[in-house]
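To start, the structure itself, in C-alpha cells.
Only the coordinates and a few stated rules stand behind these numbers; no lab work does. On a predicted model such as this, the values are computed, not experimentally measured, just so you know. Positions of Cβ are backbone-derived with ideal geometry, glycine not excepted, and every protein chain shown enters the neighbour counts.
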Amino acid sequence: MHNAKLFEEQRRRERDLRVAHEQLKQAQANLIHAEKMASLGQLTAGIAHEIKNPLNFVNNFSELSRELLQELRDTIASPGAEQDELIETLTANFAKIVEHGRRADGIVTSMLLHSRGGTGERRATDLNALVEETLNLAFHGARARDKSFNITLERDLDTRLRPIELVPQDITRVLLNLFGNGFYAAGKRCQEGTDLAFQPSLRVSTRDLGDQVEIKVRDNGVGMPPEVQSKLFTPFFTTKPTGEGTGLGLSISYDIVTQQHGGTITVDSRPDEFTEFTLRLPRSLQAAEPAAATGASA
C-alpha cells in the first residue's frame, strides 16, 4: 500500500513537471514572438523611410520619362542627334525605375519575412547584400526614433564572398540586434561627453573562410568589463536601464546562430574602447549539424 502511494506521488510529480515544462516552453515562445514584434515596431519608421527613397526615384523618373516621351514625339518629324540623345536618356531612366522598384520590393519582402512567426527555410543568400540592407534599416530606424542620432558606418565586405545557405529573416534579426546594440553603446559614450573629440562609429566586415563565413560587428562605444561579457548571452540579462531592454535580444541571437545554423558567436570588448561581435556560419546544413552542439559563447 505504501509503495502504491509512493508510485502515485511520483507519477503526479512527473505530470506536474511535464505541465510546468510545457508552460515554460510556451512562455519562452511568447517572449520570443513579443521581442520579434517589438523590434519590428521600432523599425517601422525606418522602413517607411527606406521604402520612400526608391519610390521617390520611381515616381520622379517616371514623370521625367513622360516629359521626354513628349519631346521625342515632337522630334519624330525631323530625326537626328537630338532624338538619339532622348532615346538614350529614356533608356537610362527606365533602368533606374526598374532598379529602385526592385529595391522597394526587396525591402517589403524582407520585412514581411521578419514579421512572420516560426522559422523560415534555409536558402542560398548573398550575405553582403543582407548585411547592407539590414544596416540601412537599422540606421534609418535609429534616426526615426532620435533625429539627433548620427554615427559613421564603415563597411569592409568581402567581394569574393559566395552565397551561403541560411535563414535570411533569422540572420536579419541577429544583425538588427547587433547593430542596434552597437548604436546604443556608441551613442552612450557620446552622451557621456568625456572625450570631446570622440566620433561614434560602427564597422561591419565579412570574410569568406572557405567552409564558413565570418561577420564582425565592431563599435567604438562604452565597452564592457569581462564579468558582463560572460553573462551577455544569458536570457533576461541586460546592461540597459529598466524599460530600454528586455535582455532577450542577444540570447535569441545566440540560439539562432548556434542552434539553428550550427555556427558560433563570440564577443570581445574593452571598457570605454570598443565591443566586437564575431559570427561564424557554416556554408551548408550538412556542415551545421555536427557543429550545432559546440557553438561558442562569450
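Observations on the model:
- Scoring 67-74, 10-17 by mean Cβ neighbours within 10 Å over their residues and listing the highest first yields 67-74, 10-17.
- Residue-span extension gain [Glu88 to Leu69] - 0.36 nm each, minus C-alpha spacing: 5.7 nm
- Ranked by the mean number of other Cβ atoms within 10 Å of their residues, highest first, the peptides 211-221, 93-103 fall in the order 211-221, 93-103.
- Pairwise label distance in nanometres, Arg270 with Leu153, each label 7 Å out on the Cα-Cβ vector: 2.8 nm
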